[in-house]
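Trainee: Just dropping this structure here.
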Amino acid sequence: MVQNVVHVTVSGLFATVYFMGTPVSQWKVTVPVQNPTAKSAKRAMSTSFGSICYGSLIIALIQTLRYLVQSARQQSQEEGNLFAFFCLYCLDCILSIIESLAEYFNKYAFTQVAIYGKDYCTAGKDTWRLVKSRGIDAIINDSLVGNVLAFGAIFTGLFAGGFAFFAAFQLAKNKDELESDEKTLIYIMSGVLGLISGFAEFNIMGEVIDSGVTTIFVCLAEDPYALQRTQPELFQKVVEVYPQVMNPV
């Protein structure tokens, strides 16, 4: 739920810049709205909150069904019923795929909610229309961004863990009152905590980047000429590598 609220907030902010931005320089755009982030967050927590809850409820229901199937699968395994175990295992795989598709669909539906203030059902229909008109490009877009963010999270986590381990080693190596086993435990715990902290912090930043990219993709699909007005050079590059944006199917 919190992740969806953040996604809608970030999507509203990026959409404001995309449609209402006025270029000041090559990499700077201003908007005629004061505190656009706060206003986007306000919409996410008020007028759009019902749509967020509705979409989140769908995911929760699928996850509940998966939990029930997994419980029944475990019980059938304990009872030695291989046929029931196999059927429930296949059903769990199907529900897992449906859950992934629903989460992917929800991300674009929530973006429509953030941009236009639509209700969830209308946003879902428009999202389906967008997917049909743009085809596989949306999935490719998400795949590339997801891979980059995943590698970034791993690298950041390893770097933070290594730095924490090195810092703990330097601070504790001359502590004579500590036993060698205690020092080793401190080193390991520091490294693990650094790894988790770095990974989590990058994921928070990555969610913002991912939401922004999704919003730009939707805005570009809906109105590519807005980008031409704010970022003409970027618009020309997009048209060169992605000509379908000007000629939807």
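Trainee: Can you tell me the FRET efficiency between Gln63 and Cys121 if r is taken as the Cβ-Cβ distance and R0 is 22 Å, rounded to the nearest 0.05?
Mentor: Values: r = 21 Å, r/R0 = 0.95.
E(calc), rounded to 0.05, equals 0.55.
Trainee: Now for a different question. Highest mean first, how do 40-48, 56-64, 107-115 rank when packing is the count of other Cβ atoms within 10 Å averaged over residues?
Mentor: Numbers: 40-48: 17.1, 56-64: 14.2, 107-115: 26.4.
Ranking, from highest mean packing down: 107-115, 40-48, 56-64.
Trainee: Here is a follow-up. For region 2-246, rounded, prolate or oblate, judged on the Cα gyration tensor with a ≥ b ≥ c (square roots of eigenvalues), a/c < 1.5 rounded, else prolate if a/b > b/c? Present the calculation step by step, with values, prior to reporting the outcome.
Mentor: On the way: a/c = 2.20, a/b = 1.22, b/c = 1.80.
Oblate, because a/c is 1.5 or more while a/b does not exceed b/c.
Trainee: Below 11 angstrom from the Cβ of Val6, what's the summed charge of the other residues (Lys, Arg +1; Asp, Glu -1)? Don't jump to the answer; show the numbers that get you there.
Mentor: Numbers: positive: none; negative: Glu207, Asp210.
Summing Lys/Arg as +1 and Asp/Glu as -1 gives -2.
Trainee: Can you tell me which of 97-103, 67-73 comes out highest on packing, and rank the rest after it, using the mean Cβ neighbours within 10 Å?
Mentor: Ranked from most to least packed, the peptides come out as 67-73, 97-103.
Trainee: List the relative contact order of the chain as a percent without decimals, with contacts defined as Cα pairs under 8 Å and 6+ residues apart. It would help to have the intermediate numbers written out before the result.
Mentor: Values: 249 pairs, mean separation 61.2, N = 249.
Relative contact order here is 25 percent.
Trainee: Among Val10, Phe169, Ile209, which residue has its Cα furthest toward the positive end of the charge dipole of region 2-246, with +1 on Lys/Arg Cβ and -1 on Asp/Glu Cβ?
Mentor: Working it through, the farthest residue towards the positive pole turns out to be Val10.
Trainee: Which lysines, on any chain, are close to Lys173 with Cα under 20 Å apart, when same-chain ones fewer than 8 places away are left out?
Mentor: Answer for Lys173, where 20 Å is the Cα cut-off: Lys183, listed by chain and number.
Trainee: Gain in length, Leu144 to Met45, computed as 0.36 nm per residue apart minus the alpha-carbon separation, to one decimal in nm? Mind showing how you got there, number by number?
Mentor: Working: separation 99, 0.36 × 99 = 35.64 nm, distance 3.03 nm.
Separation in residues times 0.36 nm, less the Cα-Cα distance, equals 32.6 nm.
Trainee: Could you put Phe14, Phe49 in order, starting from the residue whose Cβ has the fewest other Cβ atoms within 10 Å? Let's see the in-between values first.
Mentor: Values: Phe14 25, Phe49 16.
Ranked by crowding around the Cβ, least crowded first: Phe49, Phe14.
Trainee: Which whole-number percentage describes the relative contact order of region 29-164, with Cα contacts under 8 Å and a sequence gap of 6 or more?
Mentor: 23 percent
Trainee: Within the set Lys42/Lys125; Lys118/Lys237; Lys28/Lys237, which residue pairs have Cα atoms separated by over 20 Å?
Mentor: Details: Lys42/Lys125 25 Å; Lys118/Lys237 31 Å; Lys28/Lys237 18 Å.
Listed pairs above 20 Å: Lys42/Lys125; Lys118/Lys237.
Trainee: Counting other beta carbons within 10 Å of each Cβ, put Arg66, Arg129 in order, fewest first. Present the calculation step by step, with values, prior to reporting the outcome.
Mentor: Numbers: Arg66 17, Arg129 12.
Going from sparsest to densest Cβ surroundings: Arg129, Arg66.
Just so you know, all these numbers are worked out from the coordinates, no wet-lab data involved. Quick caveat, the model's predicted, so the values are computed rather than measured. Cβ sites come from the backbone with ideal geometry, for glycine too, and all protein chains shown count toward neighbours.
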